[in-house]
Amino acid sequence: MQAVRSALRLLEELALAQPVGVSDLARRLEMPKTSVHRILATLRESGWAEPHDRAGGGWRVSRRAFRVGLAGVGAPPLTERARVLLTELRDAYGETVHLTVPDFPTVLVVTRVDGTNSLRTFLELGTRAPMASSAAGRAVLSVSSPDLLEALLARPIERHTEVTLQDDEEVRRLVAQAREDGWAVNRGEWRSGIAAVAAPVVAAEGAVLGAVSLSMPAARLEELDIAAVGARVATVCRQLAAESWAGL
């Protein structure tokens, strides 16, 4: 049983820190490097972990772990109608659409419709975006209990880019603005040069299911009518909640 507990602890830490090397993982878990090596080898053999790249850039969880994780966060399957709505949003702007679900203190990418522009953004399924610094995260916060935002701000806000906002009051202001507008904006605060407009998906009884974001190079955001884009994303989110996200 101890071996099972150790493997699960390692898998959880790997998911949080990936890509991460053996030495760093051993330090985080306070385990011998030999034990970490052995567990990683077993997880790789069984399909739960894999090398991040061929250049020795650490380890990451596999897609098998991601599929199991989706069940844990309660992400319901999308209906065909929902995929049509997300694709129509993509086609309207040619930009990538991501559907995320909340998994404090992040939002988790569970579906993506790739953009059609030659230069487009891309997030792997299973990517976690910080709530405080992403459009999808702030969209979720805007319709969640204020206690969630305060719990988030009780932690230091990690600096991701030169323009990441780390002032608590400024984050509160942006969440309040998103609540008023019905949508949130991120201008390169999580990934340099990448912007997004997102709105929350809220069930009829008030449960916050997730958020839809339209992601693009930051320069292209400024060419758009951001209010009109936000309103369109919000409309798609209302349609998803009303008729298309299975399990509601």
In degrees between 0 and 90, to the nearest 10, how far off the longest principal axis of the chain does helix 33-45 point, with axes built from Cα atoms? 60 degrees
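Tell me, what is the FRET efficiency for residue 158 and residue 81 to the nearest 0.05, using R0 = 35 angstrom and their Cβ-Cβ distance as r?
Here the calculated transfer efficiency is 0.40.
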Sorted by chain and number, the residues with a modelled amide H under 5 Å from that of residue 210, at a separation of 5 or more or across chains, are 201
A chain fully extended from residue 22 to residue 4 at 0.36 nm per residue, minus the present Cα-Cα distance, gains in nm 4.6 nm
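With each run of n ≥ 4 DSSP H residues scored as -39500 (n - 2.57), what mean residue ellipticity at 222 nm is computed for the chain after dividing by its residue count and rounding to the nearest 500 deg cm²/dmol?
Mean residue ellipticity at 222 nm (helix-derived): -13500 deg cm²/dmol.
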List, in order, the whole-Hz ³J(HN,Hα) value for each residue of the range 111-121 obtained from phi through the Karplus relation with A = 6.51, B = -1.76, C = 1.60 and θ = phi - 60°; use x for Gly and Pro. 8, 9, 10, 5, x, 9, 5, 5, 10, 9, 8
Mean Cα-pair separation over length for the range 93-248, i.e. relative contact order, pairs under 8 Å, 6 or more apart, %: 23 percent
Can you give me the angle between helix 63-72 and the longest principal axis of the chain, using Cα atoms only, in degrees from 0 to 90, rounded to the nearest 10? 60 degrees
Taking the 0 to 90 degree range and rounding to the nearest ten, how far is the long axis of helix 226-239 tilted relative to the main principal axis of the chain, both from C-alpha atoms? 70 degrees
Set the Förster radius R0 to 45 Å, insert the Cβ-Cβ distance between residue 30 and residue 120 as r into 1/(1 + (r/R0)^6), and round the FRET efficiency to 0.05. 0.60
Under the 7 Å Cα-to-Cβ spin-label approximation, residue 41 and residue 104 lie apart by a distance in nanometres of 4.0 nm
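All of the numbers you see were taken from the coordinates with simple rules; none came from a lab. Since the model is a prediction, treat every value here as computed from it, not as a measurement. Glycine gets a Cβ as well: all are built from the backbone with ideal geometry, and neighbour counts include every protein chain shown.
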